[in-house]
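K.L.:
Just passing along the structure, written as structure tokens.
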Amino acid sequence: MMCSMATGAYRKPQYLSGLGKAMSLYNLPADHTLKERGLDLFAPERGGTYEVFFERPMSDTMMQYCAADVFHLFTMHNRLKRYTDKMIQVADDRIVRFYNNTLPERSEQLRNRMVKVDFPL
């Protein structure tokens with residue numbers, strides 16, 4: 001991406017990546033048959049309509065399609081939470097080490113330019 005940005009070839013995505021892309025990043029299994037059946041029902045380019053999300057009772061296919069997404073959202077949330085909790089701990093440790101003078105010498109240069117903290121660490 002950095003190379004394409006430097007050469008001017010980079011183009012900001014117009015839309016968010018879908019859940020399928022996120023699932024692949026987390027190596028989560030996807031039921032492609034179920035996804036295909038769901039797309040057939042709601043994707044206009046495949047002859048479907050978004051109205052299927054408002055139909056009641058909702059079809060079994062649509063309920064399974066939506067339930068699969070929710071299941072994977074919880075899995076991704078739990079994985080991200082572990083990651084962000086660790087990142088917060090690392091950041092907290094660095095801040096404490098910075099103000100306790102236990103980081104390398106460059107920290108002294110930075111410390112001299114920093115505003116004093118007005119709350120206890």
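The values are calculated or read from the model by the stated rules, or taken from the named source; none is laboratory data. For clarity, every value in this text was computed on a predicted model and none was experimentally measured. SASA here: full protein model, heavy atoms, side chains in, ligands and nucleic acids out. Shrake-Rupley method; radii C 1.70, N 1.55, O 1.52, S 1.80 Å.
K.L.:
When the Karplus curve 6.51 cos²θ - 1.76 cosθ + 1.60 is applied with θ = phi - 60°, which whole-Hz ³J(HN,Hα) does each residue of the range 20-33 get, with x for Gly and Pro?
P.N.:
x, 5, 4, 4, 5, 5, 9, 6, 8, x, 10, 8, 5, 5
K.L.:
For residue 21 and residue 54 in the same chain, what is the full-extension length gain: residue separation times 0.36 nm, less their Cα-Cα distance, in nm?
P.N.:
9.3 nm
K.L.:
Still on this structure, please answer the following. Once ligands and nucleic acids are excluded and a 1.4 Å probe is used, how much of residue 46 is accessible, expressed in Å² to the nearest 10?
P.N.:
Counting only protein heavy atoms, residue 46 exposes about 100 Å² to solvent.
K.L.:
Still on this structure, please answer the following. I'd like the accessible area for residue 21, computed on protein heavy atoms only with a 1.4 Å probe and all protein chains in place. Round to 10 Å², please.
P.N.:
That residue has around 110 Å² of solvent-accessible surface.
K.L.:
Residue-wise, which Karplus ³J(HN,Hα) couplings in Hz belong to the range 83-91, taking 6.51 cos²θ - 1.76 cosθ + 1.60, θ = phi - 60°, and x for glycine or proline?
P.N.:
Ordered by residue, 3J(HN,Hα) equals 5, 5, 4, 5, 4, 5, 5, 4, 5 Hz.
K.L.:
Starting at the first residue of the range 41-54, write each ³J(HN,Hα) from the Karplus equation 6.51 cos²θ - 1.76 cosθ + 1.60 with θ = phi - 60°, in whole Hz, x for Gly and Pro.
P.N.:
Per residue, the Karplus-derived 3J(HN,Hα) values read 7, 10, 6, x, 5, 10, x, x, 9, 5, 4, 4, 6, 9 Hz.
K.L.:
Using 0.36 nm per residue of separation minus the Cα-Cα distance, give me the extension gain between residue 84 and residue 42 in nm, one decimal.
P.N.:
Gain in length upon complete extension: 11.6 nm.
K.L.:
A further question on this structure: What number do you get for the range 32-80 when its Cα radius of gyration is normalised by 2.2 N^0.38 Å, N = residues?
P.N.:
This ratio for the range 32-80 stands at 1.26.
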